[in-house]
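First up is the structure itself, then whatever we jot down about it.
Derivation of every value follows stated rules applied to the coordinates shown; laboratory data play no part. Quick caveat: nothing in here was measured; it's all calculated off a predicted structure. We place every Cβ from the backbone using ideal geometry, glycine too, and count neighbours over all the protein chains shown.
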């Protein structure tokens, strides 16, 4: 992996270099989602292994207090093994604060990336094995690295530009950090804004563009709990009328909370023209973007056919799909769309019975989930 190449212990801290090192490291290993997935990062580094204090204590047959004493920290430590050029990143998993644990891991990653152990030839860094100056400098660098790894300012800047405001609650929630770290970020943002800067430039923000754009442009439908485009006129699953609403930090966080209960409805894989690779009804694979399946007669493209209260005429006869194809706006729809997000019209897939009513599918899903929870509780007993 790429690490800092300093060969001597600096007497002064180059904060700009530490910050950019954190951004470059994140850009190389991130999965592009927030909050920053530290486990995903560590799993990609061959000579770095993550271990809980409780696991270490069990392996060494020691009480947790002795582990803390041995590692000279109640939070975490980076154990360097020079013979194999490998590291063990240990953290105290008994600490109740998840945000504190995340910061500890990010802090130890700072020691690793900045090569503090190698620079001093120490297996474990502690105030007792280093000079006061060395220890203070290394801790300051690791803390600064951790803050910018967990809350990269080039990424945060996208939110600042979108909302035209920022607060500690938003930072704590989206980046999963403590109030202390969020306050540090806000303080630095105020300093940047005082000199006319809104965001920092670094290519690491490109790694998060898709995630940020998606979360900013989507929301959860209040009726069916599906994810929809925030600019849609109607929900494409349940046809509920939608309103763009206000764009605020609070509304965003509320939507992120609803995301946890999001319902994922059954979906057919379609190409950009709205056609499947095989017939959804009979699985005929020789469609070639033909309008109708030559085996079962299904209309293969999912498009809007307009608003239809019923699929049957006044005499109870099914209205042929051919009779309604030109009644809607003919917008090409997604493989799970029951309705058109623009005009609220029915989709051909819903009309032909390929997709269930959303409420039926949701009830089936909720029933299955409830049964699963009951079984889980029974097993625990």
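Which whole-angstrom value gives the distance between the alpha carbon centres of region 215-277 and region 63-104?
Cα centroid of region 215-277 versus Cα centroid of region 63-104: 41 Å apart.
Write down the Å³ per residue value for the convex hull defined by the alpha carbon atoms of region 1-126.
Dividing the Cα hull volume of region 1-126 by its residues yields 119 Å³.
Pick from 332, 360, 171 the residue whose mean-square fluctuation is largest in a GNM of the chain, springs joining Cα atoms under 10 Å.
Evaluated over the chain, the most mobile residue of the options is 360.
FRET efficiency for residue 264 and residue 40, Cβ-Cβ distance as r, R0 = 22 Å, nearest 0.05?
It comes out at approximately 0.50.
Between residue 250 and residue 314, with labels modelled 7 Å along Cα→Cβ, what's the label distance in nm to one decimal, could you check?
5.3 nm
Label-point separation (nm) for residue 52 and residue 334, each offset 7 Å from Cα along Cα-to-Cβ?
3.6 nm
Spin-label point model (7 Å from Cα, Cβ direction): what's the residue 282 to residue 161 distance in nm?
That separation, rounded to one decimal, is 5.2 nm.
Could you identify which residue out of 237, 45, 105 has the top mean-square fluctuation in a GNM of the chain using Cα springs shorter than 10 Å?
Maximum fluctuation in the GNM of the chain, among the listed residues, is at 45.
Looking at the square roots a ≥ b ≥ c of the eigenvalues of the Cα gyration tensor of region 267-355, which shape do they give, rounded for a/c under 1.5, prolate if a/b is larger than b/c, or oblate?
oblate
Taking the Cα centroid of region 133-160 and of region 304-359, what is the distance between the two, rounded to the nearest whole Å?
Between the Cα centre of region 133-160 and that of region 304-359, the gap is 53 Å.
With r defined as the distance between the Cβ atoms of residue 61 and residue 365 and R0 fixed at 30 Å, what FRET efficiency is calculated, to the nearest 0.05?
0.05
Taking the number of other C-beta atoms within 10 Å as the exposure measure, put 285, 108 in order starting with the fewest.
285, 108
Once you order the gyration tensor axes a ≥ b ≥ c over the Cα atoms, which shape class does region 310-363 get: rounded for a/c under 1.5, otherwise prolate or oblate by comparing a/b with b/c?
The shape class here is oblate.
Using a Gaussian network model of the chain with C-alpha springs under 10 Å, which one of 288, 14, 313 is most mobile by mean-square fluctuation?
Between 288, 14, 313, it is 313 that shows the largest mean-square fluctuation.
Rounded, prolate or oblate, given the Cα gyration tensor of the chain, with a/c below 1.5 counting as rounded?
Because a/c hits 1.5 or more and a/b exceeds b/c, the chain counts as prolate.
Sorting 277, 104 on the 10 Å Cβ count, fewest up front, what's the list?
Lowest to highest Cβ neighbour count: 277, 104.
Neighbour counts of other C-beta atoms within 10 Å: give me 248, 120 arranged from fewest to most.
By the 10 Å Cβ count, ascending, the order reads 248, 120.
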